[in-house]
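Remarks on the structure that follows.
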């Protein structure tokens, strides 16, 4: 497989996963705010913090209210991590690899992009918001289902898996980081009101509420949720499970040693995490998540250097030639044809 094709497929999977996760996060947040009393400090500003694009949002909008956040996250093409921008990038990467990917996958992504663009142009009102977000989630899940049922077990499928699992693990840690700042007590006596309800929203934003209740079988508590989302190897959106599948996919590729070593380092980091201690110290958890994000960046760089690296062009600096990291991919576009 050509390096350019492999890179397009990798980013195709990341953008589809990003669009679904963003839609899921917005949907769950809107429902959570309906359940909480008005004086609570949770709001739409937390969504911007999860993306890591506070500066860009503040440049484009005056206030972090519901309308502005939804506009920014759903259809603002100036933000390359919005749902519309993610789907446009996925569509462009898929357009250049249509001879490899089944036609039905192209048709589903193309139709979803056109529908989202049309609804964004018409305006996403509160009444239409739930239907809009549900449509994005279902279509992205349909794409993943088509991949599972139609795409042969070739290198194309492997690179799709690499992109999906890395993006999924990245979003899980971002949600844990930002949500935990409001959910974890600063002291033993500082118990946040509605804490269980908020942790429930974290699980739901990752489609993990029902599976958590089946496997953990305890009332929803911060330490248990953290352990489940970070270390559980059976739940598909848990970080440990995503990294395990990432490692399995890498082993089927040639020259995988460097990338696999970075994945194994990250898996060890996750497995050795002191969950109980971090649950009691939010600042410690924040520092841990920052370290994991660096691990993801190193995994991405190892994959890029091994499989996607392009010859350096005359006059181009090494920094320019390296491309974007996993964390930077949250806010930067990879839409150009490779």
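Bear in mind these aren't lab numbers, they're just calculated from the coordinates by the rules spelled out. Model, not experiment: these values are computed from the prediction. Heads up, the Cβs are rebuilt from the backbone with ideal geometry, glycines too, and the neighbour counts pull from every protein chain shown.
The table for this structure:
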item: Exposure proxy ranking, count of Cβ atoms within 10 Å, fewest first, for 56, 203; result: 56, 203
item: Average projected area [Cα convex hull, segment 1-110], square nanometres; result: 8.0
item: For segment 3-330: relative contact order, % (alpha-carbon pairs under 8 angstrom, 6 or more apart); result: 21
item: Three-way shape call for segment 78-180 based on the alpha-carbon gyration tensor, with the a/c threshold at 1.5; result: oblate
item: By average C-beta atoms within 10 angstrom, highest first, the peptides 16-26, 224-234, 262-272; result: 16-26, 224-234, 262-272
item: Segment 3-330 - convex hull of alpha carbons, volume per residue in Å³; result: 143
item: Alpha-carbon Rg/Rh ratio, for segment 250-289, with Rh computed the Kirkwood way; result: 1.21
item: Prolate/oblate/rounded call for segment 66-109, Cα gyration tensor, a/c under 1.5 rounded; result: prolate
